[in-house]
């Protein structure tokens, strides 16, 4: 009796393994035969990386400004030369601010720097000369940039003049150092973040579309008529798209490092561990969406609204989470991309910090487990 029971259990396990292998093989063939899957998994990620690498930049350089020199003196001409030599400004010079007012209104320049007629006299007499900076406040980031760098240019010029003439004690020399991204290139943190956006598309959008298509065509019901269990069905769907997601990630990382020159200071072990952990909630969400909607169009809309947009807007990819309202900050805790993006940026720019990685991996796996339980429950109801 014991031997018979043992044989039945072994036969059941072998049958489950054979069914799972057949489902994985079937799903893999479907991916290879479906042009849309290849498009979303490989072509779309490359296009997105090119857009983020070349088209999107948060670096502000060569900003167009108008420089008004109301009185031409050797001192003001020297100051004007400092502005013109700055790599941060593209300077046009005039004698009256009214020459630039229309350009500022129409957005052709971002600020007007006015050096008043009394500047040279006040500077020579040490009466704290003033310079006016008028900026376009419609773009707050650029406005702050123009204001801060105008003050910095004037400060550097004043320090050099003071050192040359010994008219005042030398200023304190503050030396700044930037860790991890010494050149302050926005590409170095945008491109790693875009990898998470790409994996969201592959994991959630592609999975939800493909499985919803099977519901539409009736092939899912045909599979359910077989002895396949809900667990085997979900596993058969997960494995091919899990490998596809890792392959797409590898392509994105290769493009980031070889084409865009983004430094990679971490290990491949950390990279693949983080990516694999992120694919768990991404695939779980895609399966849950497909089981709940059973319609490709509706599944795509739900995937974009619930996965892509939160990953793009609420993950810290473009907008600082700490500057968001408190309620939104709490909502971001449920966005898996938040944990992947900060870890990927660390892997690329800083290196391996496993205390941070293990925490983020645990959170992503926890979110993924909940989504898979919901997806399995929904699929089991369909089978029943």
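Any read-out appearing in this document is the output of simple, stated calculations on the displayed coordinates, not a laboratory observation. Note that the structure is predicted; figures quoted are calculated from it, not measured. Reconstructed Cβ throughout: ideal geometry from the backbone, glycine too, with neighbour counts over all protein chains shown.
Beta carbons within 10 angstrom, averaged per residue: use that to sort the peptides 289-301, 247-259, highest first.
On the way: 289-301: 19.5, 247-259: 17.8.
The densest-packed peptide leads the list: 289-301, 247-259.
Of all DSSP beta bridges located in the range 63-165, what percent are antiparallel, nearest 5?
So the antiparallel bridges amount to about 25 percent of the total.
What ranking do 17-25, 144-152 get when scored by the average of other Cβ atoms within 10 Å per residue, highest first?
Going from most to least packed, we get 144-152, 17-25.
Within 10 Å, count the other beta carbons around each residue, average over each peptide in 306-318, 119-131, and list them highest first.
Values: 306-318: 19.2, 119-131: 13.8.
Final packing ranking: 306-318, 119-131.
Which three extents, in angstrom, do the Cα atoms of the range 186-319 have along their principal axes, listed largest first?
Principal axes ranked by extent give 51, 28, 20 Å for the Cα atoms.
Could you run the Debye sum over the Cα atoms of the range 63-165, one equal point scatterer each and no solvent, and tell me log10 of I(q)/I(0) at q = 0.19, 0.20 Å⁻¹, two decimals?
Each listed q maps to, in turn, -0.91, -1.00.
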